[in-house]
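The values are calculated or read from the model by the stated rules, or taken from the named source; none is laboratory data. All values derive from a computational prediction rather than experimental measurement. Counting neighbours? That spans all protein chains shown, and the Cβs are built from the backbone with ideal geometry, glycine included.
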Amino acid sequence: MVSTTASRPLKYGENPHQKAVVVLDSRTRDPLAIGKFHSVSGTPIADEIGDMGWVNLTDLDRGMDALVRIAAAFEENTGAAPSIAVLIEHGNVAGAAYGSSDQVLVQAINSNYRAAFGSFLVTNTPISRIAALAMRDAMAHLRPFSGIAAPEIDKPSSVFFKRKKGKCSMLVNPALAKVGLSNLDSGAASRTIRGGTLTQEANTFVPRFPKTWDATLIADMCLAWGVCAASNSNTITIAKGGVLLANAVGQQERAAACELAIQQVRQTRRLAQLKGAAVVSDSFFAFADGFDILARRKVAAVFATSGSVHDKEVAEHARQFDVIFQTVPDTKGRVFAGH
């Protein structure tokens, strides 16, 4: 970040025994910049940030990335973004849903109920008292979120999210209600390495799915792609019926990510929902085995990139199944993240 204000201490760093500070850029015009958020009572985030930790802020940032990418995919393919809710757990999406109302808040929780505990919720839909009550009832007693970010939160409802230990950071930014293509972060991204700094241009790729596809499949692909693009590679993401079924992240090879995705669906007892599901890979299938694992579950379509020396073999194997296999060149559409 640009050092335009004094650094502010955080509650702690990535782990409790690490000290940490944050510097907010007061000159940025980005409506989604961290400094543009405020508490439910209207207090600027700069005055509240001392109660937050490194993971709170990085989860908020990654949650906004996922929300924006999902919304951008919907805008590109359907013309407008629906209501969207994502749950972030230590940098990756653990649960997500899209729909026509604030019911997506509970649907996102139910998409991965156990992972919802302690996650950071980011949404483009206002949280009314009724919605907040439904969210509380969907969660275990005194085990709510580590944080919530929404365009609007009913102030009295904040009592529903009190934690037995720690604090639920409740943050408001009206700009979240209108996220889409224009909010894709186009600024250069930097990170330090030992003895140096890496800087790269932003990844603003957004896929355009064939108009011949069923509208529901396109919508599920928008959700799966946005989640996948905001997750650590290697990743396989599966969505069906407006809900995230699996987000298998951080695997060293893609077949293992496919197996992990199936295992996640099995653990939540939703194996039957794999039939007709939308699947996204953040890069190409190096071998046919990964695709085979998914195709045998009768998913509807798999979106990935091409660029493997085994592309021809994978494509030939895919033709054996009644599964759409849609690819774009790796040099154009790879969405590796989190390195």
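Listed values, structure above:
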quantity: Options 300, 295; residue that is surrounded by 16 or more Cβ atoms within 10 Å (Cβ to Cβ) and closer than 28 Å to residue 62 by Cβ; calculated: 300
quantity: Residue match in the range 259-266 (condition: modelled with pLDDT under 95 and under 26 Å from residue 115 (Cα atoms)); calculated: no
quantity: Long-range neighbours under 6 Å by Cβ, at least six apart or interchain, first residue under 23 Å from residue 71 (Cα atoms) and touching a residue at least 40 places away in the same chain (Cβ under 8 Å) within the range 184-203, second part of a loop (DSSP other than H, G, I, E, B) and not aliphatic (A, V, I, L, M); calculated: 184/204
quantity: Residue under evaluation residue 70, criteria (1) of a type in the set (A, V, I, L, M); (2) within 16 Å of residue 145 (Cβ to Cβ); (3) under 10 Å from the mean Cα position of the chain (by Cα), criterion not met; calculated: (2)
quantity: Filtered residues of the range 307-319 (kept if without any contact (Cβ under 8 Å) to a residue 24 or more places away in the chain and part of a loop (DSSP other than H, G, I, E, B)); calculated: 309, 319
quantity: Residue 281 being of a type in the set (Gly, Ala, Ser), in the same structural domain as residue 218 (by TED's automatic domain parsing), touching a Cys at 6+ places or on another chain (Cβ under 9 Å) and more than 19 Å from residue 89 (Cα to Cα); calculated: yes
quantity: Criterion violated by residue 338 - all others in (1) under 19 Å from residue 234 (Cβ atoms); (2) assigned to a loop (DSSP other than H, G, I, E, B); (3) out of contact with any strand residue (DSSP E or B) (no Cβ under 8 Å at 6 or more places or on another chain) satisfied; calculated: (3)
quantity: Scan of the range 262-284 for residues that are in contact with a Ser or Thr (Cβ under 8 Å, 6 or more places away or on another chain) and crowded, with 24+ Cβ neighbours inside 10 Å, ordered by number; calculated: 279, 280, 281, 282
quantity: Identity of the residue in the range 263-287, within 19 Å of the chain's Cα centre (by Cα) and in a helix (DSSP H, G or I), that ends up farthest from residue 338 (Cα to Cα); calculated: 265
quantity: So residue 91, is it out of contact with any helix residue (DSSP H, G or I) (no Cβ under 9 Å at 6 or more places or on another chain) and at positive phi; calculated: no
